[in-house]
Amino acid sequence: MSGELWTWTATQMAAAIQARQVSSVECVESCIGRIEAVNPSVNAIVDPLYDEARRGAEAADKALARGESVGPLHGVPATIKINIDYAGRPTTNGVAQFLERIPAADAPLVRKWREAGAVILGRTNVPAMSFGLYTNNKLYGRTYNPWDRDIGPGGSSGGAAVSVATGMVPLAHGNDSGGSIRYPAYCCGVFGMRPTFGRVPHYSSTAPSESAIMSQLAVCNGPFARSVDDLRIALNAMSGHDPRDPWSSFAPIPEKAAFEPCRVAVLAELPGVKSDPEVVAAVRQAAGWLADAGYEVEECAPPHYAEASVLRDKLLIHELRIHSLPMIEASAPPEEVNEARALLAATPTVDFEEFRTGLARRTTILREWLAFMQTYPIVLTPTTWRKPQPLGLYDNPVTMTPEEVLELSPLHVVPLLGLPTLAAPTGLVDGVPMGVQLMGSLYQEERVFAAGQVLERHCLGMMPTDPVSSR
């Protein structure tokens, strides 16, 4: 391996640390140096934890010197999104009113990453209330895309994606109930994994109340990385049951597996929905790469695709209107949540009977998808039907039509169904990242990773990148 340590992948770092070829202290100091060099221009890490990280790295190196058994991420630097409980630090969720929300204990996934040996270097930026596909708030300011400062970095895990894309850390945590892992990965040209619902435990002691049912079913935590191998090790390290999350799975953590190429359903167009030609081209390019690797690709639509997107919005957004809008209005200035208000306004109000039948319909659609995936174990789609959008799109009040909301359907179908989905880059178009999504059936993350590695071979060398302002 060559190059400065901050350019290494998590897998490379972990192997070298455990082999005593480099120390965790050296890796952490290299990443701190990178943060100090580039973070001022992108504003991705808003709560640096250098002193704590240095102590953790020293402890990691001493444990190896004593011959102790260590975890798969031993000594590897990472970041945590600032909407997740981190003991002793405020869970602000991007708003000043939550600065007093200081948890006594780590969220389950933070605990699991620590147990695996990860060293947390800092916490990353989000939009106000983590509601939106852009990352900007008055408490911490705006996060910038390192590839193009005029293009948004995505949200709500924009800070996480940028921290990985720029080499500040090899791994970052994010969460996703409507695209908040996959869209930033798309905008920043990194890999992001939203796993099967329940694979990674989720709990917040600082939340004022239990989330409503659709919110519980929609949210997932997952990792960002610059390689599929890194996603695998990071996801497995944060997975598993935690008694604080009744939905969390007891399913065993899968080993890396070799999967033969399979049939792939390719969704390159959706009738009635506008799409950018670059998006369609990326999907068909990725399909070609899979075909060259032996996959049998076929352009065909999964069952009830548009309906699934609309149903997710109908259930989740209506639920947020009732349970979250009062807190949004009380905590975030109106100008910080223009996107949230536009999405709420574009989503119809439903009564209890419509909500009940909608939840029942969700089961029917998922059942038909699982049957479809017996024939097509992988579904290839865009990440959204539009290329990464301008930075200040929601700086002012806007309106959204139902057709415009449907342009986000690849982001919204996934949370309704709870299926594992990988956002993977396919390269650059006019200097801006482009990418696709690979969906798998329940608990089939390994099959998705295998297909993702085919795409990865065509995008080697994209990352890490220097922010455009410092090139």
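The values are calculated or read from the model by the stated rules, or taken from the named source; none is laboratory data. The model shown is predicted, which means the values in this text are computed figures rather than measured ones. Please note: Cβ atoms are built from the backbone with ideal geometry, for glycine as well, and neighbour counts cover all protein chains shown. Protein only, heavy atoms only, side chains kept; ligands, DNA and RNA dropped before computing areas. Shrake-Rupley method; radii C 1.70, N 1.55, O 1.52, S 1.80 Å.
Given the residues L455, L419, L393, L438, which is the only one that is in contact (Cβ under 8 Å) with a residue 40 or more places away in the chain, in contact with a strand residue (DSSP E or B) (Cβ under 6 Å, 6 or more places away or on another chain), assigned to a loop (DSSP other than H, G, I, E, B) and not charged (D, E, K, R)?
Step by step, each of L455, L419, L393, L438 is checked, and only L419 is in contact (Cβ under 8 Å) with a residue 40 or more places away in the chain, in contact with a strand residue (DSSP E or B) (Cβ under 6 Å, 6 or more places away or on another chain), assigned to a loop (DSSP other than H, G, I, E, B) and not charged (D, E, K, R).
List the residue pairs whose Cβ atoms are under 7 Å apart, where the first residue sits in the stretch 4-25 and is without any contact (Cβ under 8 Å) to a residue 24 or more places away in the chain, the second is of a type in the set (A, V, I, L, M) and buried (at least 22 other Cβ atoms within 10 Å of the Cβ), and the two are 6 or more positions apart or on different chains.
V22/L5
Considering each residue of the stretch 206-231, count those that are crowded, with 24+ Cβ neighbours inside 10 Å and touching a Lys or Arg at 6+ places or on another chain (Cβ under 7 Å), and give that number.
The number of residues fulfilling the criteria is 2.
Filter the stretch 325-375 down to the residues that are acidic (D, E) and open to solvent by 50 Å² or more (accessible area, probe 1.4 Å), then identify the one that is farthest from V297 (Cα to Cα).
E329
Select, from V379, V468, V429, the only residue that is hydrophobic (A, V, I, L, M, F, W, C), in contact (Cβ under 8 Å) with a residue 12 or more places away in the chain and crowded, with 24+ Cβ neighbours inside 10 Å.
None of the other options fit; the residue is V379.
Cβ-Cβ below 7 Å, separation at least six or inter-chain, first residue in the stretch 162-174 and more than 12 Å from P184 (Cα to Cα) and touching a residue at least 40 places away in the same chain (Cβ under 8 Å), second hydroxyl-bearing (S, T, Y) and surrounded by fewer than 24 Cβ atoms within 10 Å (Cβ to Cβ): which pairs?
As it stands, the answer is T166/T465; G167/T7; P170/T9, since those pairs meet every condition given.
Counting only residues that are more than 17 Å from S180 (Cβ to Cβ), within 24 Å of the chain's Cα centre (by Cα) and hydrophobic (A, V, I, L, M, F, W, C), how many does the stretch 295-326 have?
Residues that pass the stated criteria total 6.
Do we find a residue being assigned to a strand (DSSP E or B) and more than 17 Å from the chain's Cα centre (by Cα) anywhere in the stretch 142-154?
Among the residues of the stretch 142-154, at least one is assigned to a strand (DSSP E or B) and more than 17 Å from the chain's Cα centre (by Cα), which makes the answer yes.
In this structure, does R194 turn out to be under 30 Å from T357 (Cα atoms) and surrounded by 24 or more Cβ atoms within 10 Å (Cβ to Cβ)?
yes
So is A340 under 24 Å from V95 (Cβ atoms), under 22 Å from the mean Cα position of the chain (by Cα), small (G, A, S) and part of a helix (DSSP H, G or I) or not?
Taking the combined requirement at face value, the residue satisfies it.
Tell me, which helices (runs of 4 or more DSSP H) lie completely within the stretch 1-106 with 2 or more residues that are within 30 Å of P201 (Cβ to Cβ) and among the small types (G, A, S)?
So the answer is 10-18, 50-65.
Could you give me the residue pairs with C-beta distances under 8 Å whose first residue belongs to the stretch 290-309 and is within 24 Å of T357 (Cα to Cα), whose second residue is modelled with pLDDT of 95 or more and of a type in the set (D, E, K, R) wherever it lies, and which are 6+ apart or on separate chains?
P303/E368; H304/E368
Could you say which residue among Y186, Y203 is hydroxyl-bearing (S, T, Y), modelled with pLDDT of 95 or more and open to solvent by less than 10 Å² (accessible area, probe 1.4 Å)?
Going through Y186, Y203 in turn, the sole match is Y186.
Anything in the stretch 196-214 that is of a type outside the set (A, V, I, L, M) and either touching a helix residue (DSSP H, G or I) at 6+ places or on another chain (Cβ under 6 Å) or farther than 30 Å from A360 by Cβ (or both)? List them, or say none.
Across the stretch 196-214, the qualifying residues are P201, Y203, S205, T206.
Might you check whether a residue that is within 16 Å of A185 (Cα to Cα), buried (at least 22 other Cβ atoms within 10 Å of the Cβ) and in contact with a Phe, Trp or Tyr (Cβ under 8 Å, 6 or more places away or on another chain) occurs anywhere in the stretch 257-279?
yes
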